[in-house]
Amino acid sequence: MTLRYLFALLGAVALIAAGCGGDDEEAGGGGGGGGGGEPAAATGETQGAKKAPASGDAAKGEVTYCTGKDTSGAQIESVKLFNEANEAKGLSAKLLEFPTSADAQREQFIQRQRAKSGECDIFYSDVIWTAEFAAQKWLLDMTDNVNARKDDFIPSTLETVKYDEKYWGVPKQTDAGFLYYRKDQVKQVPETWQAVYEEAAKQDGIVYQGAPYEGLTVDFLELAFAAGGKVLSDDGKKAEFNSPENLKALQFMVDGIKNGAAKKAVTTYMEEEARRSFEAGRATFMRNWPYAFALGNESDIKGKFEVAPYPAFEGGGKAGILGGHNLVISAFSKNPEGAVALIDYLTAPEAIKRDAAEYSLAPTLVETYDDPEVKEALPFAAELKQA
């Protein structure tokens, strides 16, 4: 792996990164996925966009819910329960799973929207795609729907669905990266990324998302922001991607592979490959999202691993990227009332709690973090809430 290789990958997605935030001195802080900065002021480019129905109470027919590969099983379970609850009303939902890769999911949705296809009524949209999709008028305006329950959501999650002073979806799942480690190999969590890599080189290494897709951008920016780097100048008018701090973080990643701290295979890994490697006992450390916690506790390493907030970057601070997904309605939906009904169900307190307690998916509702079952299931819930 060379600097040229990483720059080619990261440079190609620099525009995405530009909207993803900055650095923070607190663990899990910083910005990312559209949630790290102030929402764009009104541009007028979404004028004339259709509004979502105010209610889905009278909805009937079938709703197609398009999502990425459901590796946790949470989506399948939610759709099953929705269908059981609404069978008598003549309302049902169908799950359509896209590939695992975030980039591939985006492309699948874009292809359908360009064709004005009504195949996807609802899309499980990455937080960084809101502005792009809304500007193309591919989404229904859900401002009234969100305003009706605005106080229920963590404020940072609402910013990820806001563009042109309107809300284009409902927050379903927030996300923050964590450091997973084998507690039977590591007695205490190292305090810096440098120390993590030193320990990883002595043990079975570290795995993360290093394939050429959005995940690599996220992992790089977490280190770059912690090192004191940024993508844009403070006034937002100048690119600072080649700053000394960013180069330092980039070199750190390259050196980590060269010296064996990170496995060479990480250049092909997305979230699932990293998770499977960690669960198979082939890595001592792993950078991943909360969903991997519940799955890890169903694997052979149950009871052998812990989760910790990110360490600091030596000479810098701590930083993370805010991720997550929102539920958006296609402007070409054939059943917008049914889409509203399904979104209301999927983002109700009971559903959000189930996602957190059973599948370790980070909640978007404030009240969920105070639930005893969620606190027990997610020992890092407090850190998630502050992300």
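The values are calculated or read from the model by the stated rules, or taken from the named source; none is laboratory data. This is a predicted model, so every value here is computed, not measured. Every residue, glycine as well, gets a Cβ built from its backbone with ideal geometry; the counts of neighbours run over all protein chains shown.
Annotation for region 229-248: no member residue is touching a residue at least 12 places away in the same chain (Cβ under 8 Å), assigned by TED's automatic domain parsing to the domain that holds residue 287 and under 20 Å from residue 179 (Cα atoms). Just to be sure before I move on: is residue 188 over 28 Å from residue 356 (Cβ atoms) and surrounded by fewer than 24 Cβ atoms within 10 Å (Cβ to Cβ) in the structure I sent? So residue 188 fails the test.
Under the condition of being closer than 16 Å to residue 154 by Cα, under 18 Å from the mean Cα position of the chain (by Cα) and not in a helix (DSSP H, G or I), the residues counted in region 348-365 number 5. Going through (1) modelled with pLDDT of 95 or more; (2) over 29 Å from residue 140 (Cα atoms) one by one, residue 386 falls short only on (1). Sub-7 Å Cβ pairs linking a first residue in region 265-285 that is of a type in the set (Lys, Arg) to a second residue that is in a loop (DSSP other than H, G, I, E, B), at least 6 apart or interchain, are 282/204, ordered by first then second residue. Of all residues in region 329-382, which are basic (Lys, Arg) and out of contact with any helix residue (DSSP H, G or I) (no Cβ under 8 Å at 6 or more places or on another chain)? Answer for region 329-382, where residues must be basic (Lys, Arg) and out of contact with any helix residue (DSSP H, G or I) (no Cβ under 8 Å at 6 or more places or on another chain): just 334. Within region 202-216, no residue that is closer than 22 Å to residue 187 by Cβ sits with its Cβ atom under 7 Å from a residue that is at pLDDT below 95 and hydroxyl-bearing (Ser, Thr, Tyr) at 6+ positions apart or across chains.
Is it the case, given these coordinates, that residue 324 is surrounded by fewer than 24 Cβ atoms within 10 Å (Cβ to Cβ), outside any helix (DSSP H, G or I) and modelled with pLDDT of 95 or more? Spelling it out, it is not the case that residue 324 is surrounded by fewer than 24 Cβ atoms within 10 Å (Cβ to Cβ), outside any helix (DSSP H, G or I) and modelled with pLDDT of 95 or more. Applying the condition of being in contact with a strand residue (DSSP E or B) (Cβ under 7 Å, 6 or more places away or on another chain) and not in a loop (DSSP other than H, G, I, E, B) to region 225-249 and asking which residue is farthest from residue 314 (Cα to Cα) yields 239. For region 129-152, the candidate set comprises residues that are within 18 Å of residue 48 (Cβ to Cβ) and of a type in the set (Phe, Trp, Tyr); within that set, the residue that is farthest from the chain's Cα centre (by Cα) is 138. Evaluated against (1) among the hydroxyl-bearing types (Ser, Thr, Tyr); (2) within 20 Å of residue 177 (Cα to Cα); (3) assigned to a helix (DSSP H, G or I), residue 345 falls short on exactly one condition, (2).
So residue 56 passes all but one of these: (1) at pLDDT 95 or above; (2) at positive phi; (3) touching a Gly at 6+ places or on another chain (Cβ under 7 Å); (4) not charged (D, E, K, R). Which condition number does it fail? It fails just one condition, (2). Selection of region 260-294 for residues being crowded, with 23+ Cβ neighbours inside 10 Å and modelled with pLDDT under 95 yields an empty set.
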